[in-house]
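These notes concern the structure reproduced below.
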Amino acid sequence: MARNAEKAMTALARFRQAQLEEGKVKERRPFLASECSELPKAEKWRRQIISEISKKVAQIQNAGLGEFRIRDLNDEINKLLREKSHWEARIQELGGPDYRRIGPRMLDHEGKEVPGNRGYKYFGAARDLPGVRELFEKEPAAVVRKTRAELMKDVDAEYYGYRDEDDGILLPVEQEYEKQAIAEAVEKWRSEVTERLAGRRDEEEEEEESLYTVREEVEEPSSSEQQEKEDDANTFISHVPVPSQQEVEEALVRRKKMELLQRYVSETLQAQSETAKTLLGL
């Protein structure tokens, strides 16, 4: 009996609700935001989407729904978030406020985005699903980079080394090192000058040697036969007069002069020069 009463009350409640909604036609939300051309309706659909997102975010907090249901809810929430952004862009096109800039960010902060997934977020129990937890654990830490203005704050006179001598320690050390370097350079110069002068004196005292003089090197013979062969090989007998070093140099100079005259002096000038030498008896 109680069951029939409950059914009657349910049917009566449905009839009463139909009477209250009589004359009212439920309007469906357009599939595309571009199909709406009225600003109040666009704001209405945006509020409706936000309400749906809030309900689904509350449902996805229950970890007992199962993995497949949680994944479906998470996909639906991300789809509604994308649809909400489309309606906000359409509201701005119709002359309304920019909700993407001034709107609340609570819905965005409830989800956590995985790096590299192009804005896909995980809400509630979806963040503890197998395979998702590892993605969040591998998230790289954000590298904090200083701006140019912050870097320029550290650039001062000390950065360029203008105050290195203010402590009174560096300057005496540099002076001592400078004196030591100067003393070493002077000593090196004096030794080089002394060696150069000694070399010149040795060259002046050395006797002039002939170009054709054969130097005899005396080596310790290993046997008497080798000594006799070396003596025969090193014996040099001059059958013609050998010119001295000075005569050779004079001959080279005369030959060089003749080559220059033949190259740069014409035949007429050479003939005149020979005639003049003949007249002068040179």
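The table below gives the values:
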{"read-out": "In segment 172-225, residue modelled with the lowest pLDDT [restricted to those that are in a loop (DSSP other than H, G, I, E, B), of a type in the set (A, V, I, L, M, F, W, C) and loosely packed, with under 10 Cβ neighbours inside 10 Å]", "value": "V218"}
{"read-out": "Residue check, G116 touching a helix residue (DSSP H, G or I) at 6+ places or on another chain (Cβ under 7 Å), loosely packed, with under 11 Cβ neighbours inside 10 Å and either of a type in the set (G, A, S) or at pLDDT 85 or above (or both)", "value": "no"}
{"read-out": "Neighbours by Cβ (under 7 Å, 6+ apart or cross-chain): first from segment 50-63, closer than 12 Å to E76 by Cα and without any contact (Cβ under 8 Å) to a residue 12 or more places away in the chain; second assigned to a helix (DSSP H, G or I) and of a type in the set (S, T, Y)", "value": "none"}
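The values are calculated or read from the model by the stated rules, or taken from the named source; none is laboratory data. Computed from a predicted model, the values in this text were never measured in an experiment. Neighbour counts are summed over all protein chains in view; Cβ atoms, including those assigned to glycine, are modelled from backbone coordinates with ideal geometry.
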